[in-house]
Amino acid sequence: MTALTEDMADALRRRIDELEQQLKSSAAENARLGDERREALERQAATTEILKVMAASPSDVQPVFDAIAANANRLIGGFSTAVLRYIDGAAHLAAFTPTDPAGDRVLQASFPVPFAQFPAYELVADGAAAQLPDTELEPAARDIARARGFRSMLFVPLMSEGAAIGVIIATRRTTGAFGEHHVRLLQTFADQAVIALSNVSLFNTTREALERQTATADILKVIAASPADVTPVFQAISDSAKALIGGHSSTVTRVIDGMLHLTAFTTDNEAGNADLLSSFPASLSSSGIHSRVATSGRYASRSDMQNEPDLTDAMKELARTRGYRSILVVPMLRDGVAIGTIAVTRPEAGQFPDKAINLLKTFADQAVIAVENTRLFNEVQDRTRELARSLDDLRAAQDRLIQTEKLASLGQLTAGIAHEIKNPLNFVNNFASLSAELTSELDGVLAPAPLPDDVRSEVDELTGLLKDNLDKVVQHGRRADSIVKNMLLHSREGGGEHRLSDINALVEESLNLAYHGARAETPRFDVTLKHELDPAAGQAEVFPQEITRVLLNLISNGFYAMAKRTSQAGGDFEPTLSAATHDRGSHVEIRIRDNGTGIPPEVKEKMFNPFFTTKPAGEGTGLGLSISHDIIVKQHGGTLDIETEPGEFTEFKIVLPRKSNFSDKDSG
């Protein structure tokens, strides 16, 4: 019984030991699972945080790199973590977790470093992670490890499309290999860094494309809004070039008469504007980069305006004054020939990327389009104005031709009527005069005849009335005869030859004819004549006989007005008539001025109406000024104006075109 009890006790103890071992194993497993769960949660939280940073910073990868370095270092429990990017054959420090200031300065001073001097580049070039458990065993890492204070390193590459574009390096103070979960964690962060780089690149590429498209659209709007002036387009191109290429300044020049002229510019350095303005216009043969590009038709650039060997002191000084270190200039080409240049500068040295060159070439093409559009627009406008002038001239010539034909037809009609009236009018005038003479003879015959006083008184009264009536018939007949003569004078067909005539000679001749005609009609007629003839008046295409007729009419009217004022003023008035000519470029001006009685406003409004006259019966027909107006305005395409002051003066101003569209054929 005792032996049985002991066996049972031993079995129970063994079972208890087994249970204790199971409990210990379960606790360890639970602890392991808890650690893994905690690490997973931490990785998830870090990933979420990095994704938030990526979402908040779509155009800048730096905050993402900073978050990756900080989270990786915290989760690995490392000494420090750095993110490096591969750019132009060298490793560049993109982000790191700081330690002590001295060690941080050593790290920053170590980059950028060429691939040849950076063993980690080849170490992880195949895409697999690599470790350095003890930096003392690797001479290439020993110095920086000692300066920074770490002993082990983990390298995980940033892989994009099978190529390494960077690396994440984690370090610890202790020696030994990193755990597999740490490697996986760092690889997750490396993948996120690559995604961030791709997103930023895509975002920036899209934004740049949108900015270029917007700038192009804006420039096209300016081109459409300014078809006649290219200056606003050049200024818009200059502004866009500076903004999109990240430039310090931009300039646009044009080739005009073998010289480069500055047409637009934009700058951040106002102090350098005076030097820029003083540099233009520049000769195409000068050594400046603008002139070389305009001459060669190929773009050119300077990557460092202070250190390139062929730069002159003046070029360096100009760059220093204006504040730029690099410059890119492209030509504006039309049919392979440069008609100008576009340039952009930057404050830092370095080559311009291809996208900047292509963008500036696009702007240059737009500038050429704007120049061509403006040229074509202005040519069309000039041609339109020329055609409009030709149309106006043609209409004027047509109007004058029609007027001449009307005048000719009216002249023929008037001449026919005048001839028909002439014969009966001559009969009336002749028989009225004869009847007056017969009445006088009748008085003579009846004088010796014995007649009662009352009969003789009645006979004398009747013969007196008959004489008065016959005198009135003769007076009005003479006036009618004068009207008929004037109608015949003004109805002559044509106006003679249409040719170049000396205007001063026509005025001089008309003045002399009118004066001597007035003296022949009125011997006591006296007037002072003044000649103010401009030697530059020259010649004009006119009908000289018609112009002479107009001048004779105006001068005769002046003589009449001065004679009337002389009779009113007595001996205190000195009649004066002046004739003047003036050169008016494409026109010539003639002025006839008298100091006679002047013309009242109510008369001035009607004086060019046919048959309107203020002269007494028998002294005027009312046709002279009307015909004169038609000759000057309708036949010659000129103007006839009048200035007058009642009781003071009257001045007629004639303006004639020097060259008329009215040809000899038109007058024929």
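The values are calculated or read from the model by the stated rules, or taken from the named source; none is laboratory data. Bear in mind that the values here come from a model prediction, so they are computed numbers and not experimental data. Glycine gets a Cβ as well: all are built from the backbone with ideal geometry, and neighbour counts include every protein chain shown.
More than 21 Å from PRO646 (Cα to Cα), in contact (Cβ under 8 Å) with a residue 40 or more places away in the chain and crowded, with 18+ Cβ neighbours inside 10 Å, is that true of ALA580?
On the way: more than 21 Å from PRO646 (Cα to Cα): yes; in contact (Cβ under 8 Å) with a residue 40 or more places away in the chain: yes; crowded, with 18+ Cβ neighbours inside 10 Å: yes.
Yes: the conditions hold for ALA580.
Which of the residues that make up segment 628-668 are at pLDDT below 90, within 16 Å of LEU554 (Cα to Cα) and under 40 Å from the mean Cα position of the chain (by Cα)?
Selection gives VAL633 alone.
Restricting segment 539-564 to residues that are among the β-branched types (Val, Ile, Thr) and free of Cβ contacts under 8 Å to residues at least 60 places away in the same chain, which is surrounded by the fewest Cβ atoms within 10 Å (Cβ to Cβ)?
Residues of segment 539-564 that are among the β-branched types (Val, Ile, Thr), as a first pass: 542, 547-548, 550, 555.
So of that shortlist, the ones also free of Cβ contacts under 8 Å to residues at least 60 places away in the same chain come out as 548, 555.
Numbers: THR548: 20, ILE555: 26.
Top of the filtered list is THR548.
Output the number of residues of segment 289-307 satisfying the condition of being on the phi < 0 side of the Ramachandran plot, of a type outside the set (A, V, I, L, M, F, W, C) and not in a helix (DSSP H, G or I).
8
Looking at (1) within 24 Å of the chain's Cα centre (by Cα); (2) under 18 Å from SER279 (Cβ atoms); (3) surrounded by fewer than 18 Cβ atoms within 10 Å (Cβ to Cβ), which is the one condition that is false for THR341?
Tallying (1) within 24 Å of the chain's Cα centre (by Cα); (2) under 18 Å from SER279 (Cβ atoms); (3) surrounded by fewer than 18 Cβ atoms within 10 Å (Cβ to Cβ), THR341 fails exactly one: (3).
Within segment 505-526, restricting attention to residues that are touching a strand residue (DSSP E or B) at 6+ places or on another chain (Cβ under 8 Å) and surrounded by fewer than 20 Cβ atoms within 10 Å (Cβ to Cβ), which residue is nearest to SER556 (Cα to Cα)?
Top of the filtered list is TYR515.
Go over the candidates LEU333, LEU394 one by one and state the one that is among the hydrophobic types (A, V, I, L, M, F, W, C) and assigned to a helix (DSSP H, G or I).
Testing whether each residue is among the hydrophobic types (A, V, I, L, M, F, W, C) and assigned to a helix (DSSP H, G or I) leaves just LEU394.
Against the conditions (1) on the phi > 0 side of the Ramachandran plot; (2) at pLDDT below 90; (3) not β-branched (Val, Ile, Thr), where does GLY176 fall short? Just the number, please.
(2)
Just for segment 123-142: of the residues that are within 19 Å of GLY78 (Cα to Cα) and assigned to a helix (DSSP H, G or I), which one is modelled with the lowest pLDDT?
Looking only at segment 123-142, we keep the residues that are within 19 Å of GLY78 (Cα to Cα), and these are 129-136, 141-142.
Checking which are assigned to a helix (DSSP H, G or I) leaves us with 135-136, 141-142.
Numbers: THR135: 92, GLU136: 92, ALA141: 86, ARG142: 89.
Top of the filtered list is ALA141.
Being surrounded by 19 or more Cβ atoms within 10 Å (Cβ to Cβ) and in a helix (DSSP H, G or I) is the filter here; which residues of segment 82-122 pass it? Break it down into steps so the answer makes sense when it comes.
Kept after step one, since they are surrounded by 19 or more Cβ atoms within 10 Å (Cβ to Cβ), are these residues of segment 82-122: 82-86, 91, 94-97, 118, 120-121.
Those that are surrounded by 19 or more Cβ atoms within 10 Å (Cβ to Cβ) and in a helix (DSSP H, G or I): ALA120, TYR121.
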